[in-house]
Number of protein chains: 2
Amino acid sequence: MGFRAPPAGRAAGSGSAHFKEALPRLCEAVEEADFIAIDGEFTGISDGPSVSALTNGLDTPEERYCKLRKHSMNFLLFQFGLCTFKYDQNQSIYITKAFNFYVFPKPFNRTSPDIKFICQSSSIDFLASQGFDFNKVFRSGIPYLTQEEESQLREQYEERRGQINGNGPITYTPNSSMSVSHIPEDQRAFIKNVEEKVEDLLKNSEKSLDLEPCTGFQRKLIYQTLNSRQSKGLHVETLENDKKERFIQISKVDDEERRRREQQKQQREQEELNDAVGFSRVIRAVSKSGKLVVGHNMLLDVMHTIHQFCGPVPEELDDFKEVTMSVFPRLVDTKLMASIQPFKEIIHNTSLGELHKRLIEKPFKSPKTECPVDFQSYNTSSEQLHEAGYDAYITGLCFISMANYLGTFLTPPKSHISARSKLLEPFYNKLFLMRVIDIPYLNMCGPDLQPKRDHVLYVTFPKEWKTCDLYQLFSAFGNIQVSWIDDTSAFVSLSQTDQVQIAINTSRYAESYRIQTYAEYLQSRQKSTNT
Amino acid sequence: MGFRAPPAGRAAGSGSAHFKEALPRLCEAVEEADFIAIDGEFTGISDGPSVSALTNGLDTPEERYCKLRKHSMNFLLFQFGLCTFKYDQNQSIYITKAFNFYVFPKPFNRTSPDIKFICQSSSIDFLASQGFDFNKVFRSGIPYLTQEEESQLREQYEERRGQINGNGPITYTPNSSMSVSHIPEDQRAFIKNVEEKVEDLLKNSEKSLDLEPCTGFQRKLIYQTLNSRQSKGLHVETLENDKKERFIQISKVDDEERRRREQQKQQREQEELNDAVGFSRVIRAVSKSGKLVVGHNMLLDVMHTIHQFCGPVPEELDDFKEVTMSVFPRLVDTKLMASIQPFKEIIHNTSLGELHKRLIEKPFKSPKTECPVDFQSYNTSSEQLHEAGYDAYITGLCFISMANYLGTFLTPPKSHISARSKLLEPFYNKLFLMRVIDIPYLNMCGPDLQPKRDHVLYVTFPKEWKTCDLYQLFSAFGNIQVSWIDDTSAFVSLSQTDQVQIAINTSRYAESYRIQTYAEYLQSRQKSTNT
Ligand SMILES: Nc1nc2c(ncn2[C@@H]2O[C@H](COP(=O)(O)OP(=O)(O)O)[C@@H](O)[C@H]2O)c(=O)[nH]1
Ligand SMILES: Nc1nc2c(ncn2[C@@H]2O[C@H](COP(=O)(O)OP(=O)(O)O)[C@@H](O)[C@H]2O)c(=O)[nH]1
């Protein structure tokens, strides 16, 4: 997530073609980094009725997680920014390396899943207005696979190899009448013709024979038919012609040549597999490094990253926490950091752009950074581009400023605080919870805060009611705070808990509306999900 | 739909900025046209499990329509091509005007619906590989509204105007205690402050007063409070500052000035409304003209066009037919035309590209066309662009070739057949049905064909079964044709109807599979949808 600030140059490593070249440089940068900042861009935020229905001010952490999982995971994370920060003791500066990747689930082959994702016009329109380059995503976005998808693809390869080598699940057993390799009547002439052509090939001086393009079923039949002959010195392979039609090529080879070809093919397949895993390798490298990962308002970034590149996020919040900690053992959310002690009092606007502006002023100090010559820096404002790589960079700067500020409280004060400092531990693994009134963060490595909600009422009413009707209704009970749930219900927080019972009593005989305590609401909710 | 052929220039009228300028030219072209060819590009085809599950060879027309409605309408039609054809008697040529529009549901204002649409990676990847320019869609796509959405927006405007003029649904009735305009306690100081400022304004020599930006609720309260004062010579208006924050401006005006301003505003709103209706005005112009509309394999084009620009397509096929005929009273599908008499025998491949190639060879004649100088023509192969406008143009050419061919059967033969000729009537309003074995088309202006399906069996079996298992199972009953439904069921068509009963009898005691007649299948399906 994060904001879209005035532009400032361009990061290395976008585009599928450059990816292979960028990956080793990225892995090196990750390995040497003190910490890594990340940022993602999505095709949308919520497919639910409204963003505020998605983020009710009195959601429990479990409710919020379930809503995000249900209404946000069908969007595509299609730009991923990553900036590594390494502190250079001698110069007292941070060396930064920024990367900006476009990702897109390009179908890998004919059997790979055809991914569907949702776009939300407001999100797309916002990115478009910022000059986002959609062509880069769709034309040269880097593909990716989850662990599970990679295993499936690997199995597919192995199965196919097995079939070709004649020891796969399908074997040539001409006499078994229920055999899967039974040749249907309408295919017999076709197969007979192929067999004759192969006989010819074996007799004549040609080295190979290209059959006509045919269907997958026919190719399977051909493989099965020729299976027993492979030892006689035939290599059978499926190729594609210019028109993308698949045909079978049969070549005469000796045993050694055949083995060589098969090895080559295996290598090619391994390469293909690596390409298909694509961007997921970046996430695996970051995960493997165990380094501190910093983001701004990063809950959705983390959810999408895991969902797309590791595996579907689990149904239960506790399971999600476990998975997250196994992928990213240490997280810091700069929005949460800026919202709590000791920053809360001196930072008033925590949106990334405003935060960055605030953190270059007193009492904070703008960190000194430098980037290697072969990385384009984000310090010039040369291009009208807004990138996740830039946001990741800015997020890292914010983190450093705040970390160093903590050092000023030490005796003697320290102007540099390492990313591994104990001073940062209170901020670890707490992800900012947007617009929850009384729970500032999701605690990723333990149970969540459980604030008292004794002063909260759950109110249902006719859909004609407006906020002012609720103010009206509760006018006798002091100041209130309204959190809309949908158009016929809302939470109303009273300022004094002792008014709760009086409000409920007064409502007993009301016909148009109904009031319950928060505890009653939770109970009836529990019941309805259990049945 | 349609194919993506080698590129050939560029059509007029893309981009939101040019749209206003293109629209009158388009309307003129439509008015003078003999017929209009159209083509659309979508972000996907099917969100179901597989395309072939979406298009079973033995779907009934109703089933097919329901599947397409359910699994295809959430994709976005985001490029619309239109080419008008007008015959010039003197020169014996067609004058063509091609238009190519990018459309995108850009949110119009803060209350307009935030459209979500699905993208299918294979479709996106295909368009990307053809050089499709996604930035043009997302950055400068033309917005659109359905009739219903336009009415809603118009009402919104009127309601707001009513409120401001003090005769809207919300009126200022200070003594009614349940009034919606009740000012909540925490807003009283704010409103009091505004009232004081206004008093000042009325006394001092300033012409106007800008209030601080505030919430929508506060603005509503301000409007209500100031309502009764408007006659005292105040004009109240909501404006936006540079930061896109909304604030209220209060100006001193005399009655005439106030009326002038309100008129201006009304005009501005009408303009805004027209802009919001946007691309839908193209469809309305085509519809209003009542002209013949030609497409290639156009069922999905028609469905998407109606769904996006007129109103959600109805649940029932019969209702869809009715709506379609009211929007486009005369349709011709060139794919269907090429698939039936007298073209069937001499045209073997009906995909748009191949059809076009075939139709410039004997016995067909390539039609002569010309396009006005201010329209870029599609005859040069200058640019690597593939556009819906080009496909529409090619579709029109195919239609002309086939129409003229019909003229060669007349005595004396005619080399030109008008788009209004009686010879074309057999092809009217029949839309090609993809991959249905025994129903070539959807009859848009009457009941559909009801082929006998006595020779069809509905078979269910374990999901391990393959096509060859089915061949095996039915090997005693002659040749069969398999239409997969899902991985545990399929239709099997026998070549001889008299084998049906025998097959069913044989299956009576089978445990792993089950056979029903097609009639039984329809019956049990009916039952399950009725309950
Ligand atoms: N009946 C009624 N429902 C409202 C009102 N305001 C908000 N809601 C409902 O509460 C949900 C959340 O509203 P809100 O917090 O204002 O955010 P928004 O819908 O994103 O603009 C909305 O989607 C509505 O269903 C209101 O004044 N009256
Ligand atoms: N059990 C089984 N199911 C199949 C087989 N072939 C196809 N199907 C099912 O039928 C559906 C339609 O298949 P098909 O016509 O081959 O098209 P495709 O799925 O788009 O490649 C598939 O999605 C499968 O669920 C098969 O050999 N065995």
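The values are calculated or read from the model by the stated rules, or taken from the named source; none is laboratory data. Since the structure is predicted, the reported quantities are computational estimates derived from the model, not experimental observations. We place every Cβ from the backbone using ideal geometry, glycine too, and count neighbours over all the protein chains shown.
Pairs linking a residue in segment A:452-476 that is under 21 Å from A:Asp498 (Cβ atoms) to a residue that is loosely packed, with under 14 Cβ neighbours inside 10 Å, with Cβ atoms under 6 Å and 6 or more positions apart or on different chains, are A:Asp454/A:Thr497; A:His455/A:Thr497. Restricting attention to segment A:506-522, does a residue exist that is within 16 Å of ligand 1 (Cβ to nearest atom) and small (Gly, Ala, Ser)? Checking segment A:506-522: at least one residue is within 16 Å of ligand 1 (Cβ to nearest atom) and small (Gly, Ala, Ser). Among the residues of segment A:34-58, those identified as at pLDDT below 95 and touching a Lys or Arg at 6+ places or on another chain (Cβ under 6 Å) are A:Asp47, A:Leu54, A:Thr55, A:Gly57.
Selection of segment B:195-220 for residues being under 14 Å from B:Leu239 (Cα atoms) and outside any helix (DSSP H, G or I) yields B:Ser208, B:Leu209, B:Asp210, B:Leu211, B:Glu212, B:Pro213, B:Cys214, B:Thr215. Within the group A:Leu58, A:Leu54, A:Leu68, which residue is under 17 Å from the mean Cα position of the chain (by Cα) and either within 11 Å of chain B (Cβ to nearest Cβ) or of a type outside the set (Val, Ile, Thr) (or both)? Going through A:Leu58, A:Leu54, A:Leu68 in turn, just one is under 17 Å from the mean Cα position of the chain (by Cα) and either within 11 Å of chain B (Cβ to nearest Cβ) or of a type outside the set (Val, Ile, Thr) (or both): A:Leu68. Answer with yes or no whether B:Phe427 is more than 16 Å from ligand 1 (Cβ to nearest atom), in contact (Cβ under 8 Å) with a residue 24 or more places away in the chain and away from chain A (no Cβ under 14 Å). Yes.
At least 1 residues being farther than 24 Å from B:Phe78 by Cα and free of Cβ contacts under 8 Å to residues at least 12 places away in the same chain is the threshold, and among the helices (runs of 4 or more DSSP H) wholly inside segment B:310-416 those reaching it are B:317-327, B:352-358.
The requirement of being away from ligand 1 (no atom under 14 Å from the Cβ), of a type in the set (Val, Ile, Thr), surrounded by fewer than 18 Cβ atoms within 10 Å (Cβ to Cβ) and within 30 Å of A:Lys86 (Cβ to Cβ) is not satisfied by A:Thr395. If only residues of segment B:423-449 that are within 16 Å of ligand 2 (Cβ to nearest atom) and within 26 Å of the chain's Cα centre (by Cα) are counted, the one that is surrounded by the most Cβ atoms within 10 Å (Cβ to Cβ) is B:Val436. Would you please name the residue that is nearest to the chain's Cα centre (by Cα), looking only at residues in segment B:94-106 that are away from chain A (no Cβ under 14 Å) and of a type in the set (A, V, I, L, M, F, W, C)? Step by step, filter segment B:94-106, then rank; the result is B:Phe101. I need the full set of residues from segment A:267-309 which are among the basic types (Lys, Arg) and either under 21 Å from A:Phe78 (Cβ atoms) or crowded, with 16+ Cβ neighbours inside 10 Å (or both), in order please. A:Arg281, A:Arg284, A:Lys291, listed by residue number.
Which residues, taken from segment B:124-142, are more than 7 Å from every other protein chain (Cβ to nearest Cβ), farther than 13 Å from A:Cys119 by Cβ and not aromatic (Phe, Trp, Tyr)? The answer is B:Leu127, B:Ser129, B:Gln130, B:Gly131, B:Lys136, B:Ser140, B:Ile142.
From the list A:Phe477, A:Phe461, which one is crowded, with 16+ Cβ neighbours inside 10 Å, within 14 Å of chain B (Cβ to nearest Cβ) and under 23 Å from A:Gly48 (Cα atoms)? When all the criteria are applied, what remains is A:Phe461. Would segment B:69-86 turn up any residue that is of a type in the set (Phe, Trp, Tyr) and in contact with a His (Cβ under 8 Å, 6 or more places away or on another chain)? Checked against the condition, which is being of a type in the set (Phe, Trp, Tyr) and in contact with a His (Cβ under 8 Å, 6 or more places away or on another chain), segment B:69-86 yields at least one hit.
Residues that are of a type in the set (A, V, I, L, M) and either over 30 Å from A:Phe190 (Cα atoms) or modelled with pLDDT under 90 (or both) number at least 3 in the following strands (runs of 3 or more DSSP E) confined to segment A:223-296: A:234-240, A:292-295. For segment B:77-93, the candidate set comprises residues that are crowded, with 24+ Cβ neighbours inside 10 Å and touching a residue at least 60 places away in the same chain (Cβ under 8 Å); within that set, the residue that is farthest from the other protein chains (Cβ to nearest Cβ) is B:Phe85. Within segment B:213-226, can you find the residues that are surrounded by 12 or more Cβ atoms within 10 Å (Cβ to Cβ) and not polar (S, T, N, Q)? Selection gives B:Pro213, B:Cys214, B:Phe217, B:Arg219, B:Lys220, B:Leu221, B:Ile222, B:Tyr223, B:Leu226. Quick check on segment A:300-310. Is at least one of its residues at pLDDT 90 or above, hydroxyl-bearing (Ser, Thr, Tyr) and more than 16 Å from the chain's Cα centre (by Cα)? No; the residues of segment A:300-310 include none that is at pLDDT 90 or above, hydroxyl-bearing (Ser, Thr, Tyr) and more than 16 Å from the chain's Cα centre (by Cα). Filtered by the rule that a residue be in contact with a strand residue (DSSP E or B) (Cβ under 8 Å, 6 or more places away or on another chain) and modelled with pLDDT of 90 or more, segment A:455-470 gives A:His455, A:Val456, A:Leu457, A:Tyr458, A:Val459, A:Thr460, A:Phe461, A:Leu470. Just so you know, in segment B:184-196 the residues that are loosely packed, with under 15 Cβ neighbours inside 10 Å and modelled with pLDDT of 85 or more include one that is nearest to the other protein chains (Cβ to nearest Cβ), and it is B:Arg188.
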